[in-house]
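Worksheet for the structure shown next.
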Amino acid sequence: MYVMTTATAPLPASAPAPVWARRAAHAIALCAVPSGLWRIAMASGVYVGYNDQVLRDVFDIPGWGIAYVIGLSVLTELAALFPLLLVSDRWRPLHPRVLVPLAWSASGVLVLVALWQLVVAFTVESQTYLSSGTAQTVWGFVFTPLFAIPALMTAVTWSYAKRHRARGQA
């Protein structure tokens, strides 16, 4: 005999994510791609604006720095896929009571990381390692999309929380 409890009861259907939230979640995943490709190019030996001595001494490339840089690219892209959970109608690995606080926490962390990256981008050390001119321009173009992620993530999280709060009140 099967007894349905609150732990085994299916979740009631919530309203589907609005189109703008779906687009924002997909945009987050796309925003991480240029910087990841840039890092992979750096790890592969493509000239991205750092001379050989900087790559060796600062980034340990060739060496363990290759694994770090590629791993960072993979982790960044995997993290950028997280918002897709908030707009998915088919796959719900976590209950909204768990996912909403997790998503708000991720949004807050992303805001702090973006602020920190602004500080790092304008420090003397950062400006010293990267050659000037075209390399800095390319670096700026590939890393700038990352600054859109905190705002997009906050919007997607707000949409998810709003939809599931409304479901809980019904």
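The values are calculated or read from the model by the stated rules, or taken from the named source; none is laboratory data. Since the structure is predicted, the reported quantities are computational estimates derived from the model, not experimental observations. Here Cβ is always computed from backbone atoms with ideal geometry, including for glycine, and neighbour counts include all displayed protein chains. Surface areas here come from the heavy atoms of the whole protein model, side chains and all, with no ligands, DNA or RNA. Shrake-Rupley method; radii C 1.70, N 1.55, O 1.52, S 1.80 Å.
Return yes when A27 is among the small types (G, A, S), at pLDDT 85 or above, touching a helix residue (DSSP H, G or I) at 6+ places or on another chain (Cβ under 9 Å) and open to solvent by less than 60 Å² (accessible area, probe 1.4 Å) and no when it is not.
Taking the combined requirement at face value, the residue satisfies it.
Considering only the range 45-87, state which residues are more than 19 Å from V33 (Cβ to Cβ), hydrophobic (A, V, I, L, M, F, W, C) and open to solvent by 50 Å² or more (accessible area, probe 1.4 Å).
V58, F59, W64, I66, A67
Name every residue in the range 98-141 that is closer than 25 Å to A41 by Cα and under 14 Å from the mean Cα position of the chain (by Cα), in order of residue number.
Result: L110, V113, A114, Q117.
Enumerate the pairs (first residue in the range 146-164 and touching a residue at least 24 places away in the same chain (Cβ under 8 Å); second residue anywhere and part of a helix (DSSP H, G or I) and of a type in the set (S, T, N, Q)) with beta-carbon separation below 6 Å, excluding pairs fewer than 6 apart on the same chain, so at least 6 apart or on different chains.
Final answer for the pair search is L146/S35; M153/S107; T154/S107; T157/S107.
Find the helices (runs of 4 or more DSSP H) located wholly in the range 116-170 whose residues include 1 or more that are modelled with pLDDT under 90, within 24 Å of L84 (Cα to Cα) and open to solvent by 80 Å² or more (accessible area, probe 1.4 Å), and list them.
Those helices (runs of 4 or more DSSP H) span 149-169.
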